[in-house]
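The values are calculated or read from the model by the stated rules, or taken from the named source; none is laboratory data. What you are looking at is a predicted structure, and each value in this text was computed from that prediction instead of being measured. Virtual Cβ from ideal backbone geometry, glycine too; neighbours counted across all protein chains shown. Accessible surface areas use protein heavy atoms only, side chains included; no ligands, DNA or RNA. Shrake-Rupley method; radii C 1.70, N 1.55, O 1.52, S 1.80 Å.
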Amino acid sequence: MDRLVTSRRAFEGRVISVRLDEVEMPSGRHVTFEIVEHPGAVVLVPVLPDGRVLLVRQFRRAVAAELLELPAGTIERGEAPDACARRELAEEVGQAAARWEQLLAFYPSPGVMTERMFLFLAQDLTPAVADREEEDLRVEAMPLAEARRRITTGEIRDAKSIVGILIASERLAGAG
């Protein structure tokens with residue numbers, strides 16, 4: 001196991017921070033790791049009463065592309081993941097859920113980020129009023145099987161959505 005020698009904050013932003021950790025490896029060699037600190041996020045698989053899943057289409061500046069994704073959002077300071085999930089469901093797709101199940105928690109990029117994502121299945125949806133976020137989101141509904149197909153064609157290509165759709169498909173297939 002490595003040994004931390006020094007740690008310093010290189011950047012402090014609104015959502016993320018960057019930390020530089022110098023560590024001594026078991027071999028004695030020193031290496032500096034650039035670590036993005038992130039407060040964590042929720043990923044939602046909202047399933048309508050007719051079985052369709054809600055996704056959002058939005059432009060992502062980091063990859064300069066419009067992506068089709070599951071709704072998701074950053075956990076605010078002091079906010080529990082389940083409270084964040086309820087808030088994000090209302091803000092991103094205008095829905096509330098009567099049934100919630102946390103399916104998984106995972107690290108999307110543990111080589112460089114501290115972010116932990118909490119995956120929730122949201123069912124028995126009903127319309128909810130909430131302040132919409134500033135993001136330019138377009139909500140799309142489709143059968144879960146169609147969302148799975150769009151993973152294989154490359155239309156759905158972000159990791160959180162791939163994980164969420166596949167895990168929810170497995171869970172719902174076992175429930176039926």
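The angle between the Cα long axis of helix 159-175 and the longest principal axis of the Cα atoms of the chain comes to about 50 degrees, rounded to the nearest 10.
Relative contact order of the chain: what whole-number percent is it, with Cα pairs under 8 angstrom and at least 6 residues apart?
The value is 22 percent.
With the simple model of a label 7 Å out from the Cα in the direction of the Cβ, residue 58 to residue 36 spans 1.5 nm.
From the coordinates of this entry, percent of Cα pairs over 27 Å apart is computed, and it appears in [x] 23; [y] 67; [z] 33 under the label [z]. For the chain, with all protein chains in place and a probe radius of 1.4 Å, 52% of the accessible heavy-atom surface sits on carbon or sulfur. Between amide H atoms placed 1.01 Å from N, distances below 5 Å from residue 96 occur with 126, 128, all of them 5 or more places distant or on a separate chain. Close amide-amide hydrogen proximity is noted between residue 116 and 40, 41, each under 5 Å apart and 5 or more residues distant or on a separate chain (H modeled in the peptide plane; Pro and chain starts excluded).
A dipole drawn for region 47-176 from +1 and -1 charges on Cβ atoms has a positive end, and of 73, 118, 84 the residue lying farthest that way is 118.
Largest first, the residues 115, 76, 146, 66 sort by 1.4 Å accessible area into 76, 66, 146, 115.
Here r is the Cβ-Cβ distance between residue 114 and residue 4 and R0 is 22 Å; the resulting FRET efficiency, rounded to 0.05, is 0.90. Computed over the chain with a Gaussian network model linking Cα atoms closer than 10 Å, the most mobile of 148, 61, 116 is 61.
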